[in-house]
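The values are calculated or read from the model by the stated rules, or taken from the named source; none is laboratory data. Since the model is a prediction, treat every value here as computed from it, not as a measurement. Please note: Cβ atoms are built from the backbone with ideal geometry, for glycine as well, and neighbour counts cover all protein chains shown.
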Amino acid sequence: MRPCLLPGVFMSTRRLIVLAFLTGLWVWAGSVYSPWAEDLEPRLWLFDVLFYTGFILLFWYVAEALLWLRSCRESSIPFRERLAGACLLMLTAVAGLTANVLAETQIGWQWRVRISMAALTPYTEPSHQDFRHRVGLFIIDTQRMPCSGQSWLWLGRPFGGGTGTNLALVHGSGRAVPLSPQPEAFRFLHMHENWWLAYQNPDSYSAETNGTIVCVEGRSVASHAQGLRFIDSLH
């Protein structure tokens, strides 16, 4: 006869609560809503900490999910406790997956632009300003107008100044690909309405323009993944 293990060996509701709380804290710490997101002081160490913490939380989640599945076979564990475990696991998964989708996928980027349309409206006019701040679901490091009639919003990560992404939101004209100051250095992907996401390859970009910039029609990419590959294509 197989001995009955204690319920706590398989599943702990308190442990799952801690996991859900830490996952929510991890999502918040890497978001534009953290108190340090708009600071100019760089915190690349925080980026590294959150990067590796994400893997730790993932492994912990997998272990807890396996323990929960095992607990379902134990009649000694109350149904209410198993249900609470399922809800906590689902809540944790939704938080982690939502943060990943918004930050890493094309659908997530397009959704963030849609949600931020009202906040982005004052930035549709070309302007020059160096003011790191949150605009909707984005951190804007600087606003530029390299090409006539277009506003370029250079994006930063929420880990302080100097954490640029080689990405910019560009307000163009309708579905036409925005003008590019250096065709070989930029690619564009349509986001929503007149907003495009610009990808800059730092190895192709030249800051030496002799005071003149000739803007020509830009080149588009088929997907966000293709744009990210373009950024790193010459590294």
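Scanning region 113-130 for residues that are within 22 Å of the chain's Cα centre (by Cα), among the small types (G, A, S) and either part of a helix (DSSP H, G or I) or closer than 14 Å to G149 by Cα (or both) gives A118, A119. Restricted to region 164-181, and to residues that are at pLDDT below 90 and in contact with a Phe, Trp or Tyr (Cβ under 7 Å, 6 or more places away or on another chain), which residue is surrounded by the fewest Cβ atoms within 10 Å (Cβ to Cβ)? Only one residue fits best here, namely G164. Taken over region 207-235, the residue count meeting the criterion of being among the polar types (S, T, N, Q) and at pLDDT below 75 is 3. Every listed requirement among (1) within 30 Å of W36 (Cβ to Cβ); (2) free of Cβ contacts under 8 Å to residues at least 40 places away in the same chain; (3) surrounded by fewer than 21 Cβ atoms within 10 Å (Cβ to Cβ) is met by H224 save one, (2). All of (1) surrounded by 17 or more Cβ atoms within 10 Å (Cβ to Cβ); (2) under 18 Å from A20 (Cβ atoms) hold for L58 with one exception: (1). Listed conditions (1) of a type in the set (A, V, I, L, M); (2) assigned to a helix (DSSP H, G or I); (3) more than 25 Å from V177 (Cβ to Cβ) are all met by I77, apart from (2).
Number of residues in region 137-163 that are in a loop (DSSP other than H, G, I, E, B), at pLDDT below 95 and not β-branched (V, I, T) equals 12. Considering the conditions (1) surrounded by 13 or more Cβ atoms within 10 Å (Cβ to Cβ); (2) in contact (Cβ under 8 Å) with a residue 12 or more places away in the chain; (3) closer than 28 Å to W45 by Cα, P202 is excluded by exactly one of them, (1). Comparison of I77, I56 shows that the only residue that is out of contact with any Ser or Thr (no Cβ under 8 Å at 6 or more places or on another chain) and either outside the structural domain of P158 (by TED's automatic domain parsing) or at pLDDT below 90 (or both) is I56.
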